[in-house]
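*Asks:* After the structure tokens below, expect a handful of questions from me.
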Amino acid sequence: MARDFLPGFDRHRIETAPGVTIHARSAGSGPPVLLLHGHPQTLSTWLHVAPRLAGSRTVVALDLRGYGDSSKPPGGERHEGYAKRAMAADAVAVMRALGHGRFAVVGHDRGGRVAHRLALDHPQSVERIALFDIAPTATMYARTDKAFATRYFWWFFFIQPHPLPETLIGADPGYFLRHHVEGQSKTPGSTPPDLFAEYLRCYSDPACRHAICEDYRAAAGIDLEHDAADAQARVTAPLLALWGARGTVGQTYDVLETWREKATAVSGRALDCGHTLQEERPDEVLSELAAFLG
């Protein structure tokens with residue numbers, strides 16, 4: 001039997017748009033905080049963080065559309081079905097369905113990009129925002145060089161027209177996923193076998209792999225259009241940026257400076273790890289969140 005990585009958390013399936021149902025888990029009481037995972041994870045990535053946060057807050061974790069056990073809707077001609085705007089709207093709908101009109105949001109990787117768009121599109125809903133191991137999407141594309149393109153090759157592989165990346169990944173999803181997870185993490189053993197198996201369960205679904213590619217295609221297209229339209233907009237909620245000192249983002253960008261170009265109140269620091277902070281350094285993540293969330 002598969003392990004439940006968030007025991008004691010209630011399960012929800014919430015319709016957020018026609019044909020889109022989001023899988024979420026919740027527990028705890030107190031001020032609400034929303035947790036958004038990245039690629040190739042699911043909400044189970046918060047196994048070390050969510051239960052302890054739920055001791056003092058109401059914690060909601062969800063699977064982004066296309067990931068985990070959430071719906072995999074069509075992307076559309078311009079991949080608008082996976083625009084971060086659509087994913088952010090899902091998140092707001094889930095929180096409202098659970099009775100939370102205003103909340104803190106914590107996003108890792110793709111979830112951080114959704115959180116950034118959420119804070120721009122729904123500022124009245126966002127009390128505070130914490131982003132893990134990302135610089136802004138538009139900034140990363142604008143400053144791409146050979147070193148970044150080599151280390152983050154999937155940013156440019158996933159956006160190739162369907163069905164090229166889907167077909168090649170589908171030849172051996174387990175190999176591709178293990179190469180990705182082990183390459184991103186700098187803490188051996190931080191993604192244990194049963195957690196990796198949970199990620200692989202989802203990654204083995206062709207609909208999930210296609211949705212992931214649509215997510216990245218949207219990031220390289222319609223998301224950049226939305227970012228350009230909001231080039232002068234700033235996130236006004238307090239923003240915490242944490243990143244892995246041994247990861248690509250931390251070694252490529254002045255992370256705080258990139259976010260100070262996008263938000264009015266930015267703080268944060270590097271942790272001694274790679275990309276997946278919540279799995280590699282959960283105690284430090286919890287300490288930082290406790291201080292930031294109050």
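*Asks:* Looking only at segment 70-99, which residues are within 19 Å of Ala24 (Cβ to Cβ), assigned to a loop (DSSP other than H, G, I, E, B) and within 20 Å of the chain's Cα centre (by Cα)?
*Replies:* Ser70, Ser71, Lys72, Pro73
*Asks:* Go through segment 1-22 and give me each residue that's open to solvent by less than 20 Å² (accessible area, probe 1.4 Å) and closer than 22 Å to Tyr216 by Cα.
*Replies:* Val20, Ile22
*Asks:* Could you look through segment 23-39, keep only residues that are in contact (Cβ under 8 Å) with a residue 60 or more places away in the chain and open to solvent by 10 Å² or more (accessible area, probe 1.4 Å), and pick out the one that is farthest from the chain's Cα centre (by Cα)? Spell out the reasoning first.
*Replies:* As a first pass, look at segment 23-39 and keep what is in contact (Cβ under 8 Å) with a residue 60 or more places away in the chain: 24, 26, 31-39.
Narrowing further to those that are open to solvent by 10 Å² or more (accessible area, probe 1.4 Å): 26, 31-32.
Values: Ser26: 17, Pro31: 21, Pro32: 18 Å.
Only one residue fits best here, namely Pro31.
*Asks:* Could we say that Ala97 is of a type outside the set (Ser, Thr, Tyr) and in contact with an Asp or Glu (Cβ under 6 Å, 6 or more places away or on another chain) here?
*Replies:* Working: of a type outside the set (Ser, Thr, Tyr): yes; in contact with an Asp or Glu (Cβ under 6 Å, 6 or more places away or on another chain): no.
When the stated conditions are applied, Ala97 does not pass them.
*Asks:* Something else about it: Glu127 fails exactly one of the following numbered conditions: (1) touching a strand residue (DSSP E or B) at 6+ places or on another chain (Cβ under 6 Å); (2) under 23 Å from Thr276 (Cβ atoms); (3) open to solvent by 10 Å² or more (accessible area, probe 1.4 Å). What is the number of that condition?
*Replies:* Unmet condition: (2).
*Asks:* Give the residue that is most open to solvent (accessible area, probe 1.4 Å), with candidates limited to residues of segment 132-182 that are more than 21 Å from Leu242 (Cα to Cα) and of a type in the set (Lys, Arg).
*Replies:* Lys146
To keep it simple, each residue is scored yes or no on (1) part of a loop (DSSP other than H, G, I, E, B); (2) out of contact with any strand residue (DSSP E or B) (no Cβ under 6 Å at 6 or more places or on another chain).
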site: Asp4; (1), (2): yes, yes
site: Ile22; (1), (2): no, no
site: Val33; (1), (2): no, no
site: Arg52; (1), (2): no, yes
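*Asks:* If a residue must be among the small types (Gly, Ala, Ser) and open to solvent by less than 10 Å² (accessible area, probe 1.4 Å), how many such residues does segment 238-251 contain?
*Replies:* First, pick out the residues of segment 238-251 that are among the small types (Gly, Ala, Ser): 241, 244-245, 247, 250.
Pick out the ones that are also open to solvent by less than 10 Å² (accessible area, probe 1.4 Å) and you get 241, 244, 247.
The total comes to 3.
*Asks:* Still on this structure: List every residue pair whose Cβ atoms lie under 6 Å apart, where the two residues are 6 or more positions apart in sequence or sit on different chains, the first residue falls within segment 158-185 and is under 17 Å from Ala220 (Cβ atoms) and in contact (Cβ under 8 Å) with a residue 60 or more places away in the chain, and the second residue, located anywhere, is open to solvent by less than 70 Å² (accessible area, probe 1.4 Å) and among the hydrophobic types (A, V, I, L, M, F, W, C).
*Replies:* Going by the 6 Å Cβ cut-off, the qualifying pairs are Ile159/Ala220.
Residue-by-condition table, conditions (1) at pLDDT 95 or above; (2) among the hydroxyl-bearing types (Ser, Thr, Tyr); (3) open to solvent by 10 Å² or more (accessible area, probe 1.4 Å); (4) under 23 Å from Leu240 (Cβ atoms):
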| site | (1), (2), (3), (4) |
| --- | --- |
| Leu43 | yes, no, no, yes |
| Leu47 | yes, no, yes, yes |
| Ala61 | yes, no, no, yes |
| Gly66 | yes, no, no, no |
| Gly76 | yes, no, yes, no |
| Ala88 | yes, no, no, yes |
| Phe103 | yes, no, no, yes |
| Asp109 | yes, no, yes, yes |
| His116 | yes, no, yes, yes |
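*Asks:* List every residue pair whose Cβ atoms lie under 7 Å apart, where the two residues are 6 or more positions apart in sequence or sit on different chains, the first residue falls within segment 116-140 and is within 22 Å of Glu225 (Cα to Cα), and the second residue, located anywhere, is polar (S, T, N, Q).
*Replies:* Hits for this filter: Pro123/Thr236; Ala135/Thr258; Pro136/Thr258; Thr139/Thr258.
The values are calculated or read from the model by the stated rules, or taken from the named source; none is laboratory data. These numbers were taken from a predicted model, which means no experiment stands behind them. With ideal geometry, Cβ positions are generated from the backbone for all residues, glycine too; neighbour counts draw on all protein chains shown. When the accessible area is computed, the model is the full protein with side chains, heavy atoms only, and any ligands, DNA or RNA have been set aside. Shrake-Rupley method; radii C 1.70, N 1.55, O 1.52, S 1.80 Å.
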